[in-house]
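One structure is given below, encoded as structure tokens.
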Amino acid sequence: METLSVQDRLDIADVLARYCVALDSRDWELLEQVFTPDATARYGRAGQPQGLPAIVAVVRSSLEPLDASQHFIGTSLVEPDGADGARGRTYLIAQHVRGGLPDGSQFVVAGTYVDRFVRTPDGWRIRERRLVETWTRGNPAVLSRPSP
């Protein structure tokens with residue numbers, strides 16, 4: 001049976017944390033240390049970008065109009081998937097804030113990131129990410145694109 005070393009698990013946990021830090025600090029270049037160049041993502045209402053530049057474009061266009069965001073990750077189950085792969089499920093709560101909206105300035109999304117990881121020469125990276133929403137609270141207009 002294949003196993004992941006303790007170091008592999010720590011490195012994958014760092015990738016998960018790096019994603020949250022990149023989004024909330026708007027450090028789009030940091031996402032190069034999170035995803036493979038050919039990664040795919042399924043973000044529900046935000047789209048299904050394919051390739052790192054498209055993923056960066058989607059998260060950037062979703063988050064830059066906000067006043068703030070804060071992505072929390074919690075329980076994470078990571079299991080081996082081949083010699084240089086892993087599958088993971090990680091719970092999340094993401095808070096989004098944009099003032100000046102008539103129905104409220106906050107929108108919270110809770111759910112699970114379902115990921116496929118791959119070991120690369122530069123370390124572990126996400127090859128596939130799917131956001132599965134469990135519940136939301138607040139004003140969904142917070143995440144809508146502002147009018148020009």
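Here, each number is a calculation from the coordinates, and none is a lab measurement. Treat the numbers as computed from the prediction; the structure is a model and nothing was measured. Glycine also receives a Cβ, built like all others from the backbone with ideal geometry; neighbour counts cover every protein chain displayed.
Can you name every residue in region 58-78 that is more than 19 Å from ILE12 (Cα to Cα), touching a residue at least 24 places away in the same chain (Cβ under 8 Å) and among the aliphatic types (A, V, I, L, M)?
Residues of region 58-78 more than 19 Å from ILE12 (Cα to Cα): 58-70.
Within this subset, residues satisfying the condition of being touching a residue at least 24 places away in the same chain (Cβ under 8 Å) are 59-70.
Correct list: VAL59, LEU63, LEU66, ALA68.
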Exercise for review: May I ask you to verify whether ASP81 is more than 19 Å from the chain's Cα centre (by Cα), surrounded by fewer than 18 Cβ atoms within 10 Å (Cβ to Cβ) and in contact (Cβ under 8 Å) with a residue 12 or more places away in the chain?
Suggested key: yes
Practice item. Looking only at region 93-148, count how many residues are closer than 20 Å to ALA54 by Cα and of a type in the set (D, E, K, R). Key: 8
Point to revise | Members of region 106-130 found to be among the aliphatic types (A, V, I, L, M) and closer than 22 Å to LEU10 by Cα, listed by number | key: VAL114, VAL118, ILE126
Review point. In region 91-126, how many residues are farther than 18 Å from SER69 by Cα, buried (at least 17 other Cβ atoms within 10 Å of the Cβ) and not β-branched (Val, Ile, Thr)?
Key: 6
Study note, to complete from the structure: Filter region 127-142 for residues that are surrounded by 15 or more Cβ atoms within 10 Å (Cβ to Cβ) and within 15 Å of the chain's Cα centre (by Cα); the one that is nearest to GLN7 (Cα to Cα) is ARG127
Point to revise | Those residues of region 122-144 which are of a type in the set (Val, Ile, Thr) and either free of Cβ contacts under 8 Å to residues at least 60 places away in the same chain or part of a strand (DSSP E or B) (or both), in sequence order | key: ILE126, VAL132, THR134, THR136
Review point. Can you name the residue in region 1-57 that is hydroxyl-bearing (Ser, Thr, Tyr) and in contact (Cβ under 8 Å) with a residue 60 or more places away in the chain and, of all such residues, is surrounded by the fewest Cβ atoms within 10 Å (Cβ to Cβ)?
Key: THR3
